[in-house]
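Undergrad: Once you've had a glance at the structure underneath, I'll fire off some questions.
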Amino acid sequence: MKSQIKTTFSNFFFEYETPRQVLVKNKRVAVVCRIIQMGVLAYIIGWVFMYEKGYQVVDTAIGSIFTKMKGVSFTNISKKERIWDVADYVFPEQGDSSFVVMTNYIVTVGQKQGKCAELPDGKNKCNSDADCDEGKYKRMGNGHMTGRCMNETSTCEIYSWCPVEDDRKIPDPPVLLTAENYTLFIKNSITFRQFNVVRSNLVESVNQSYINTCLYHPKTDPLCPIFRLGDIVERSGLNFSEIARVGGAIGVLIDWDCNLDLSIRHCKPKYEFYGLYGTGKNGDKEEKPSLGYNFRYAKYYVEDAVEKRTLMKVFGVRIDIIVHGRAGKFDIIPTLTAIGSGVGIFGVATVVCDMLLLYLVPKRDFYKNMKFKHTQILEEE
Amino acid sequence: MKSQIKTTFSNFFFEYETPRQVLVKNKRVAVVCRIIQMGVLAYIIGWVFMYEKGYQVVDTAIGSIFTKMKGVSFTNISKKERIWDVADYVFPEQGDSSFVVMTNYIVTVGQKQGKCAELPDGKNKCNSDADCDEGKYKRMGNGHMTGRCMNETSTCEIYSWCPVEDDRKIPDPPVLLTAENYTLFIKNSITFRQFNVVRSNLVESVNQSYINTCLYHPKTDPLCPIFRLGDIVERSGLNFSEIARVGGAIGVLIDWDCNLDLSIRHCKPKYEFYGLYGTGKNGDKEEKPSLGYNFRYAKYYVEDAVEKRTLMKVFGVRIDIIVHGRAGKFDIIPTLTAIGSGVGIFGVATVVCDMLLLYLVPKRDFYKNMKFKHTQILEEE
Amino acid sequence: MKSQIKTTFSNFFFEYETPRQVLVKNKRVAVVCRIIQMGVLAYIIGWVFMYEKGYQVVDTAIGSIFTKMKGVSFTNISKKERIWDVADYVFPEQGDSSFVVMTNYIVTVGQKQGKCAELPDGKNKCNSDADCDEGKYKRMGNGHMTGRCMNETSTCEIYSWCPVEDDRKIPDPPVLLTAENYTLFIKNSITFRQFNVVRSNLVESVNQSYINTCLYHPKTDPLCPIFRLGDIVERSGLNFSEIARVGGAIGVLIDWDCNLDLSIRHCKPKYEFYGLYGTGKNGDKEEKPSLGYNFRYAKYYVEDAVEKRTLMKVFGVRIDIIVHGRAGKFDIIPTLTAIGSGVGIFGVATVVCDMLLLYLVPKRDFYKNMKFKHTQILEEE
């Protein structure tokens, strides 16, 4: 018994099996076969390894963004001069990756709680008190109906913040058209967890003195982290004066595509801009409903012991900064997986060649005999 | 030398090798083997290719979200009527993907800086001044201890915004229970970078007139981007009146699963709702601590040259909108990788069959002789 | 014809082909070959299956975060005592995953719209009115130039919120240095869509009584969801008093790495802290511009019918909480793909062995004859 195990073991170690093969001397089949094999090899080396970098393991980035707007606007509405600075026109104030720059607004000063007539904008008409269900409110309405129909406006009386905001006419041109010249500073930090790499968009060539003077331009200053608001809007394919009037949303994509087999210095961001929510380049306006971007915002105060508020309907450019990071680095697992798959595909090539040889070539029966050996005996059962 | 290279070269091109094989006429082994091979083939074609779409390359979406609430609430607390509109109950105001709708609150009007007694809520008891370390503050406390123990309340005196907020009793029923009827409008734009596809949740069938009247319903209106707040809460498996009282967090998932080999029109969002932070369906309340959702928020004002504030402890429904997008498209690399792997698995099938043949079949020695040829010579060393 | 199909069919089912092989009795080659094959096997089993868990399908988490700060600060500036609580120092107030804790500030009380001199900080010097273009504004300026050069300050007169904020001197030590003792409570909920698993960072061992008293410590309390602000800053490699003065950004990473083949109880979060925006550990200050973190924020009020505002330049610790979740679970597809690849790599091993045998061994011609059979006939064409 022991010697048997020993024999098996020594056989296993000192013998090895390799397939027996026929060398087929058939030019046509051989050439076709070699071409297929070389095609597979070229595909594996050229495409999988060189182009797609199949030998790399890939990690996506975790990003963090801080933004800061700069710039002031000056308005002169009905002889009232006013300056707008960052604390006035950015929402929210703390430098988030998603924020709104106010470019236009409708202000309703001194609202207080009480009863007044609903806005006569066509959606809230009434003919008699019966049209105004007491205690209900309409989906498009501004308050709670009291049950009375007001004669002067032909709209229901409502309990609401009064006077009701009149947003039927959006200021044109937009009040803060000079917002075009504001600048946006973006600080972006990304982390590739798997590779323990942290990187900032203030790369080596971007130093303090450069930041003080530069302005982003895709050709001349592709790494400057300071952007003119008007440029952002225009590069995303939108029209600034239109967006400034009704509002709009723009995505700023910071795209990192890093090959960590090279020096980290080559790992640089690329900035891209595009319109969001279907306000895109295609001009397919009639198809896409709900253009524009606006929200309401109130400043509360107390006057003569009565709580009042100033309601702002803010139209603006909403900017969503999105980080898309991807880094690749050589790793043995994807390399071997790619090679393994490649050898598998080589097998496919052999199968194709054999089909040619055994079914299409005139001498196929001869080759069949060469390739196959038949077991003569038949089974007993 | 030259001719030798030439020969090698011509041999390489005009000859090709194909493995010699034995055709084993053994019904049992053959049937088992064919079944295994067909199983592998069925698995590769059916599962990898058809079900898992292994021939597609996959990209995940970059999404951008804008939200807008609509609706008003009317309250009548101790004869004081009040209306609440969007600017009053949504935090933050600018339409983020994560926001809070206030449903209940505890208000403390007219706080100003000064000294007063800590809240007698059991956590801040004192018997003598020694219990109140001057200059320290307690983790659950509201201010800086002055070192005195107040007799009336048996709590430490603190320097704080006075009077201290009393949040021991949460209003029940919640003040803004009608928040159930508010509607939420979601605009979602996604980008599949790799395929250069941009898509909005306002798909082809959702036009302006539809939006004006529709309300989301999973069966009848699965694409309407307008949601009733009460529906969102209920569909996530929570109880609105409970959530409205103590607050809660709900995730709204916009799920895009697109097959870009088909028309882009079939790429549609699916909305799902679920409770967050363990306030889920399972009713496992005793296991999960820290239910509810609330935060504090202050409105500052100046009265008689003294800075004061109105502190609100806001309970509400926090809504986190999350985009999960995935698109697949035919690509040659994953196709060939899948085929390569498949051929590899075929090889496994052959190995299994050979084992059957060589170790389990009665005539195994005969087959061994057919399959293997021994090299007779032994090594010299 | 019919019988021919039948024969083909029965041949296909009752015959199967297996490659003929030579058993090469060559110790050296055999040993090398076996070693290579065992290496491949060890790699596939040990690395791909055990270490990298190649038999698992992987899903990334969708996370949702709620934060709550606790703690008060007491300041005594020029005999003016003041307490700061959560509603005063956290921006935004509603408990987002990204927020700022104010640690220092420059306040400008009672700004109103009007004309005043630009700040004499060196960047805005003028010698004559010609240096002050009327109606323009400078990138670093605070308002709209009126065209006058003011003699007293040698700066341009501007239309702005007056008086202009003087941020030349940042308070040192920071006003709210006691912010170090604030605590941060993090609630994190994650969802693995593919596996239908929802999990919260308040895992089984974290119950209400534990939360009431615990404080995060990587060794002793790695699961406590309550963090001291000073600890967070220090663990990220930064210096609290420096960060508190000029501001800084810190990433808190909640890392979930779950093996769902085990019990869900082992799926626990790990917390990590790191500095963002290049304010990192390496101390490479001169290379990285734009340190610090600050933003401006205004509280508006009306005094004597004039709109005024209190402008705060807030310096603080910005905390970005990031969720990185990954769960793996056994699945048949990746298992078979890994096996398929492995068999492919086995093929590579055979190719290497054959090269040894056919090109390097002394008796190579003998082995060539054993392995290959030549087709004798030449082609006619």
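Undergrad: How far apart are the C:Glu134 label points across copies, placing each 7 Å from Cα toward Cβ, in nm, shortest first?
TA: From this label point to the equivalent ones elsewhere in the assembly: 6.2, 6.2 nm.
Undergrad: Take the alpha carbon atoms of the range C:18-49, find their center, do the same for the range B:8-65, and report the distance between the two centers in whole angstrom.
TA: The range C:18-49 and the range B:8-65 have Cα centres spaced 23 Å from each other.
Undergrad: Under 5 Å between amide hydrogens, which residues at least 5 positions from B:Phe372 or on another chain qualify, with H placed 1.01 Å from N in the peptide plane?
TA: The answer is C:Gln21.
Undergrad: Measure up B:Lys138/C:Lys219; A:Lys308/B:Lys112; A:Lys25/A:Lys373; A:Lys187/C:Lys53 against 31 Å on the Cα-Cα distance and list the ones that go over.
TA: Numbers: B:Lys138/C:Lys219 25 Å; A:Lys308/B:Lys112 20 Å; A:Lys25/A:Lys373 19 Å; A:Lys187/C:Lys53 37 Å.
Violating the 31 Å limit, Cα to Cα: A:Lys187/C:Lys53.
Undergrad: Shortest first, in nm, what separates the label point of A:Asn212 from those of the same position in the other copies (7 Å along Cα→Cβ)?
TA: Distances to the matching label points in the other copies: 5.8, 5.8 nm.
Undergrad: Defining a contact as two alpha carbons under 8 Å apart and six or more residues distant in sequence, what relative contact order in percent does chain C show? Intermediate results must be reported in sequence, preceding the final value.
TA: Numbers: 678 pairs, mean separation 82.2, N = 381.
It rounds to 22 percent for chain C.
Undergrad: Sticking with this one: Who wins for biggest fluctuation among A:Ile254, A:Ile345, A:Ile65 in a Gaussian network model of chain A, springs between alpha carbons below 10 Å?
TA: Result: A:Ile345 has the largest fluctuation of those listed.
Undergrad: Considering chain A as a Gaussian network with a 10 Å cut-off on Cα pairs, which listed residue, A:Ala87, A:Ala305, A:Ala249, attains the greatest mean-square fluctuation?
TA: A:Ala305
Undergrad: Taking θ as phi - 60°, what are the ³J(HN,Hα) couplings along the range A:359-367 by the Karplus curve (6.51, -1.76, 1.60), each to the nearest whole Hz, with x for Gly and Pro?
TA: Along the range A:359-367, the couplings run 10, 10, 7, x, 7, 4, 5, 4, 5 Hz.
Undergrad: To the nearest 100 Å², how much accessible surface do chains C and B cover up together, summed over both, with a 1.4 Å probe?
TA: Details: alone 24910 and 24920 Å², together 42430 Å².
Chains C and B together bury roughly 7400 Å² of accessible area.
Undergrad: How long are the semi-axes of the ellipsoid equivalent to the range A:314-369, from square roots of 5 times the Cα gyration tensor eigenvalues, in whole Å, largest first?
TA: On the way: eigenvalues 607, 73, 5 Å².
Largest first, the range A:314-369 gives 55, 19, 5 Å.
Undergrad: To check you understand DSSP bridge types, tell me what percent of the beta bridges within chain A (both residues inside) are antiparallel, rounded to 5.
TA: Values: 69 of 81 bridges.
Here the share of antiparallel DSSP bridges comes out near 85 percent.
Undergrad: While we're on this one: Quick check: pseudo-label points 7 Å beyond the Cα along Cα→Cβ at A:Lys136 and A:Phe13, how many nm apart are they?
TA: Modelled inter-label distance: 9.3 nm.
Undergrad: Where Rh is the Kirkwood radius over the Cα pairs of the protein assembly as shown, the temperature 10 °C and the viscosity 1.306 mPa s, what D in µm²/s does Stokes-Einstein return? Kindly include the intermediate steps, with their values, before the conclusion.
TA: On the way: Rh = 34.9 Å.
The Stokes-Einstein estimate is 46 µm²/s.
Undergrad: Hey, what do the phi angles of the range C:231-245 turn into as Karplus ³J(HN,Hα) couplings, whole Hz, using 6.51/-1.76/1.60 and θ = phi - 60°, x for Gly and Pro?
TA: 4, 4, 5, 5, 5, 7, x, 10, 9, 4, 5, 6, 4, 5, 6
Undergrad: Still on this model: Counting DSSP beta bridges with both partners in the protein assembly as shown, what percentage is antiparallel, nearest 5? Kindly include the intermediate steps, with their values, before the conclusion.
TA: Details: 217 of 262 bridges.
Of those bridges, close to 85 percent are antiparallel.
Undergrad: A follow-up question, please. Can you figure out the FRET efficiency of C:Lys169 with C:Lys115, using R₀ = 30 Å and their beta-carbon distance, to the nearest 0.05? Each step should come with its number before you reach the end.
TA: On the way: r = 25 Å, r/R0 = 0.82.
The computed FRET efficiency comes out at 0.75.
Undergrad: Excluding residues fewer than 8 places away in the same chain, name every one of the aspartates and glutamates whose C-alpha is closer than 18 Å to that of A:Lys169.
TA: Counting by Cα, and skipping residues close in sequence, A:Lys169 has these aspartates and glutamates nearby: A:Glu118, A:Asp121, A:Glu242.
Undergrad: Here's another thing I want to ask about it. Using the Karplus curve 6.51 cos²θ - 1.76 cosθ + 1.60 with θ = phi - 60°, work out ³J(HN,Hα) for each residue of the range A:182-197 in order, rounded to whole Hz, and write x for Gly and Pro.
TA: Karplus values, whole Hz, x for Gly and Pro: 4, 10, 10, 10, 10, 10, 10, 10, 10, 10, 9, 4, 5, 9, 6, 10.
Undergrad: Protein chains only, probe 1.4 Å: how do A:Glu234, C:Glu272 rank by accessible area, largest first? Present the calculation step by step, with values, prior to reporting the outcome.
TA: On the way: A:Glu234 100, C:Glu272 55 Å².
Solvent-accessible surface, decreasing: A:Glu234, C:Glu272.
Undergrad: Per-residue ellipticity at 222 nm for the protein assembly as shown, helices alone: DSSP H runs ≥ 4 residues times -39500 (n - 2.57), over residue total, nearest 500 deg cm²/dmol?
TA: Details: 24 runs with 255 residues, N = 1143.
Result for the protein assembly as shown: -6500 deg cm²/dmol, rounded to the nearest 500.
Undergrad: Here is a follow-up. Who wins for biggest fluctuation among C:Pro171, C:Pro269, C:Pro362 in a Gaussian network model of chain C, springs between alpha carbons below 10 Å?
TA: Sorting by GNM fluctuation, first place goes to C:Pro362.
Undergrad: Return one quarter of the surface area of the convex hull spanned by the alpha-carbon atoms of the range B:16-125, equal to its mean projected area, in nm². Walk me through the intermediate numbers first.
TA: Details: hull surface 89.2 nm².
Projected area, direction-averaged: 22.3 nm².
Undergrad: Oh, and also: Enter the accessible area per residue of the protein assembly as shown (Å², integer; probe 1.4 Å; all protein chains in place). Please list the in-between numbers first.
TA: Numbers: 53260 Å² over 1143 residues.
About 47 Å² of surface per residue is accessible.
Undergrad: If one computes the Cα centroid of the range A:308-325 and of the range A:136-155, what distance in Å separates the two points?
TA: If we compute the Cα centre of each part, the gap is 30 Å.
Undergrad: Give me the distance between the Cα centres of the range A:201-257 and the range B:182-260, rounded to whole Å.
TA: Centre-to-centre (Cα) distance: 32 Å.
Undergrad: Specify whether the C-alpha gyration tensor of the range B:111-159 places it in the rounded, prolate or oblate class, a ≥ b ≥ c being the square roots of the eigenvalues: rounded for a/c under 1.5, otherwise prolate if a/b is larger than b/c and oblate if not.
TA: Rounded, since a/c falls under 1.5.
Undergrad: So, one more: Considering the Cα trace of the range A:83-141, what is its radius of gyration and what is Dmax, both in angstroms?
TA: My reading of the Cα-based Rg and Dmax gives 18.2, 51 Å.
Undergrad: Name the aspartates and glutamates eligible as straight-distance cross-link partners of A:Lys313: C-alpha to C-alpha under 14 Å, and not fewer than 8 places from it in the same chain.
TA: Cross-link targets: A:Asp88, A:Glu165, A:Asp166, A:Asp167, B:Asp85, B:Asp88, B:Glu93.
Undergrad: Computed over the Cα atoms of chain B, what is the convex hull's projected area averaged over all directions, in nm²?
TA: Values: hull surface 170.1 nm².
Mean projected area of the Cα convex hull: 42.5 nm².
Undergrad: Hey, for B:Asp166 with labels 7 Å out along Cα-Cβ, what do the inter-copy distances come to in nm, ordered shortest first?
TA: Here the equivalent label points are 4.6, 4.6 nm apart from this one.
The values are calculated or read from the model by the stated rules, or taken from the named source; none is laboratory data. Everything numeric here is computed off the predicted structure, so don't read it as measured data. Methodologically, a virtual Cβ is constructed for each residue, glycine included, from the backbone with ideal geometry; neighbour enumeration extends over all protein chains shown. Heads up: the accessible areas ignore ligands, DNA and RNA and are worked out on the full protein's heavy atoms, side chains in. Shrake-Rupley method; radii C 1.70, N 1.55, O 1.52, S 1.80 Å.
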